[in-house]
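A.B. asks: Here it is, the structure in full.
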């Protein structure tokens with residue numbers, strides 16, 4: 001009897017501990033007042049708040065939308081940047097105390113696609129706007145603020161069929177192009193993410209495809225500040241389709257990469273391969289040596305869109321779960337230790353088709369904040385922007 005009571009006490013203590021470790025939602029906001037609204041990127045401000053970038057559909061035109069929420073999720077200000085052509089915001093960068101830089105794509109009806117940059121002050125008022133020729137997908141790898149206060153865009157250009165390579169564009173603080181650099185391989189390379197390291201060098205995460213093939217590998221390239229390659233590290237996706245969505249430096253001077261890894265049920269190089277995707281995470285050392293890889297599989301397809309380092313050796317991955325059997329599952333968040341073991345697994349009920357978590361950042365109070373749903377297919381008219389703030393444990 002004493003033994004039974006002891007075991008019950010242990011079980012109660014375990015359940016109590018598990019419950020106390022559950023992650024609470026501090027606040028949640030949705031934005032449904034337009035025909036369509038999305039969030040794509042965000043930054044934490046120095047004055048206890050969050051600047052969040054997205055777009056809204058006004059009069060059948062997508063226009064950039066920037067809001068600022070305080071630490072309690074209350075709207076401090078919002079700005080809509082008027083345009084006559086659809087604009088697709090990709091990223092926001094905090095420019096110290098001078099405001100924010102927004103970047104994305106503008107797609108006029110009868111003209112080639114262009115890159116736009118919008119500089120704002122600290123309250124979101126537009127200071128200037130510039131557009132640049134876009135030869136391909138030069139914002140696919142996003143834009144970052146460099147340590148010299150200039151900006152670097154990374155992406156992919158394809159000047160002709162079967163010839164595709166990486167392009168870097170450095171732009172100064174007033175929107176002038178400083179330099180452009182390209183590098184290519186015999187294979188088709190697409191840049192997906194770029195980050196600057198503490199020593200000023202840069203790392204790019206890319207998808208590599210052999211011409212005429214459906215399978216793909218993940219490649220990480222380390223370059224200097226002038227865009228010259230220091231090393232390449234390849235993660236083969238044998239008979240699979242793999243690509244990164246985000247690369248993030250870790251506290252121990254290594255690199256985390258998150259993305260998608262798909263295994264085909266039929267011939268992957270057939271015209272219509274049937275592929276089941278897993279969320280893929282790996283860790284590399286500072287010389288490009290692969291330390292470990294993890295595939296996180298659920299009941300259907302999963303993938304990772306963004307990584308945020310936790311500041312304590314752990315890190316967060318934001319993505320989504322989906323399956324062809326039961327429909328969309330919804331946004332997905334994983335908290336992992338530095339060996340890739342799961343600490344927390346958080347599923348968010350989906351709001352609409354193609355809903356997903358696209359950006360996650362750790363907050364200065366020990367919690368984290370996540371946004372969605374990211375850019376949507378043009379035929380999806382039901383999407384609305386959302387943001388959720390989770391408390392510290």
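The values are calculated or read from the model by the stated rules, or taken from the named source; none is laboratory data. Note that this is a predicted model, so its numbers are computed, not measured. Cβ atoms come from the backbone with ideal geometry, glycine included; neighbour counts cover every protein chain shown.
A.B. asks: Tell me whether segment 373-384 contains one or more residues that are within 19 Å of the chain's Cα centre (by Cα), part of a strand (DSSP E or B) and either surrounded by 16 or more Cβ atoms within 10 Å (Cβ to Cβ) or modelled with pLDDT under 95 (or both).
C.D. replies: In the first step, residues of segment 373-384 are kept if they are within 19 Å of the chain's Cα centre (by Cα); the result is 373-377, 383-384.
From what's left, part of a strand (DSSP E or B): none.
No, there is no match, as no residue in segment 373-384 is within 19 Å of the chain's Cα centre (by Cα), part of a strand (DSSP E or B) and either surrounded by 16 or more Cβ atoms within 10 Å (Cβ to Cβ) or modelled with pLDDT under 95 (or both).
A.B. asks: Among the residues of segment 183-202, how many are over 20 Å from residue 234 (Cβ atoms) and touching a residue at least 12 places away in the same chain (Cβ under 8 Å)? Give the derivation first.
C.D. replies: Filtering segment 183-202 down to residues over 20 Å from residue 234 (Cβ atoms) leaves 196, 198-200.
If we keep only those that are touching a residue at least 12 places away in the same chain (Cβ under 8 Å) too, we end up with 196, 198, 200.
Residues flagged as over 20 Å from residue 234 (Cβ atoms) and touching a residue at least 12 places away in the same chain (Cβ under 8 Å) within segment 183-202 amount to 3.
A.B. asks: Can you go through 52, 67, 92, 115 and tell me which one is at pLDDT 95 or above, assigned to a strand (DSSP E or B) and under 17 Å from residue 153 (Cα atoms)? If you could, list the steps in order and put the result at the bottom.
C.D. replies: On the way: 52 fails: under 17 Å from residue 153 (Cα atoms); 67 fails: under 17 Å from residue 153 (Cα atoms); 115 fails: at pLDDT 95 or above.
Going through 52, 67, 92, 115 in turn, the sole match is 92.
A.B. asks: Further question on the same structure: Go through (1) in contact with a strand residue (DSSP E or B) (Cβ under 8 Å, 6 or more places away or on another chain); (2) surrounded by fewer than 14 Cβ atoms within 10 Å (Cβ to Cβ); (3) at pLDDT below 80 one by one and return the number of the condition residue 161 breaks.
C.D. replies: The failed condition is (1).
A.B. asks: Something else about it: Over 14 Å from residue 246 (Cβ atoms), without any contact (Cβ under 8 Å) to a residue 24 or more places away in the chain, touching a strand residue (DSSP E or B) at 6+ places or on another chain (Cβ under 7 Å) and not in a strand (DSSP E or B): does that describe residue 273? Before the answer, list the steps.
C.D. replies: On the way: over 14 Å from residue 246 (Cβ atoms): yes; without any contact (Cβ under 8 Å) to a residue 24 or more places away in the chain: no; touching a strand residue (DSSP E or B) at 6+ places or on another chain (Cβ under 7 Å): yes; not in a strand (DSSP E or B): yes.
Answer is no for this residue.
A.B. asks: Which members of segment 199-247 meet the condition of being under 20 Å from residue 144 (Cβ atoms), surrounded by 14 or more Cβ atoms within 10 Å (Cβ to Cβ) and at pLDDT below 90?
C.D. replies: Result: 225, 227.
A.B. asks: I've got another one for you. Looking only at segment 341-356, which residues are assigned to a loop (DSSP other than H, G, I, E, B) and more than 14 Å from residue 29 (Cα to Cα)? Steps first, answer last, please.
C.D. replies: Our first condition is that a residue be assigned to a loop (DSSP other than H, G, I, E, B); within segment 341-356, this holds for 341, 348-356.
Of everything in segment 341-356, those that are assigned to a loop (DSSP other than H, G, I, E, B) and more than 14 Å from residue 29 (Cα to Cα) turn out to be 341, 349, 350, 352, 353, 354, 355, 356.
A.B. asks: Another question about this same structure. For the subset of segment 55-64 comprising residues that are outside any loop (DSSP other than H, G, I, E, B) and surrounded by fewer than 17 Cβ atoms within 10 Å (Cβ to Cβ), which member is modelled with the lowest pLDDT? It would help to see each step written out before you state the result.
C.D. replies: Restricting attention to segment 55-64, the residues satisfying the condition of being outside any loop (DSSP other than H, G, I, E, B) are 55-58, 61-64.
Narrowing further to those that are surrounded by fewer than 17 Cβ atoms within 10 Å (Cβ to Cβ): 58, 61.
On the way: 58: 82, 61: 91.
Among residues in segment 55-64 that are outside any loop (DSSP other than H, G, I, E, B) and surrounded by fewer than 17 Cβ atoms within 10 Å (Cβ to Cβ), the one modelled with the lowest pLDDT is 58.
A.B. asks: Give the residue that is surrounded by the fewest Cβ atoms within 10 Å (Cβ to Cβ), with candidates limited to residues of segment 1-49 that are farther than 30 Å from residue 83 by Cα and at pLDDT 85 or above.
C.D. replies: Only one residue fits best here, namely 24.
A.B. asks: Any idea which residue in segment 96-112 is farthest from the chain's Cα centre (by Cα), counting only those that are at pLDDT 95 or above and closer than 24 Å to residue 224 by Cα?
C.D. replies: Only one residue fits best here, namely 101.
A.B. asks: Now, a different point. On the given criteria, is residue 312 exposed (fewer than 15 other Cβ atoms within 10 Å of the Cβ), under 23 Å from residue 25 (Cα atoms) and either touching a strand residue (DSSP E or B) at 6+ places or on another chain (Cβ under 8 Å) or at pLDDT below 90 (or both)? Lay out the reasoning, then the answer.
C.D. replies: Details: exposed (fewer than 15 other Cβ atoms within 10 Å of the Cβ): yes; under 23 Å from residue 25 (Cα atoms): yes; either touching a strand residue (DSSP E or B) at 6+ places or on another chain (Cβ under 8 Å) or at pLDDT below 90 (or both): yes.
Yes; evaluated as a whole, the condition is true for this residue.
A.B. asks: Could you say whether any residue in segment 330-338 is crowded, with 18+ Cβ neighbours inside 10 Å and at pLDDT below 85?
C.D. replies: No, every residue in segment 330-338 fails to be crowded, with 18+ Cβ neighbours inside 10 Å and at pLDDT below 85.
A.B. asks: Say whether the condition of being in a strand (DSSP E or B) and at pLDDT 95 or above is met by at least one residue in segment 129-143.
C.D. replies: Of all residues in segment 129-143, those in a strand (DSSP E or B) come to 129-133, 136-137, 143.
Subset that is at pLDDT 95 or above: 129-130.
Yes, some residue in segment 129-143 is in a strand (DSSP E or B) and at pLDDT 95 or above.
For (1) in a loop (DSSP other than H, G, I, E, B); (2) in contact with a strand residue (DSSP E or B) (Cβ under 9 Å, 6 or more places away or on another chain), each residue gets a yes or a no:
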position: 204; (1), (2): no, yes
position: 207; (1), (2): no, yes
position: 212; (1), (2): yes, no
position: 225; (1), (2): yes, yes
position: 230; (1), (2): no, yes
position: 233; (1), (2): no, yes
position: 245; (1), (2): no, yes
position: 257; (1), (2): no, yes
position: 262; (1), (2): no, yes
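A.B. asks: Quick check on residue 134: is it surrounded by fewer than 18 Cβ atoms within 10 Å (Cβ to Cβ) and over 25 Å from residue 248 (Cα atoms)? Break it down stepwise before answering.
C.D. replies: On the way: surrounded by fewer than 18 Cβ atoms within 10 Å (Cβ to Cβ): no; over 25 Å from residue 248 (Cα atoms): yes.
Taking the combined requirement at face value, the residue does not satisfy it.
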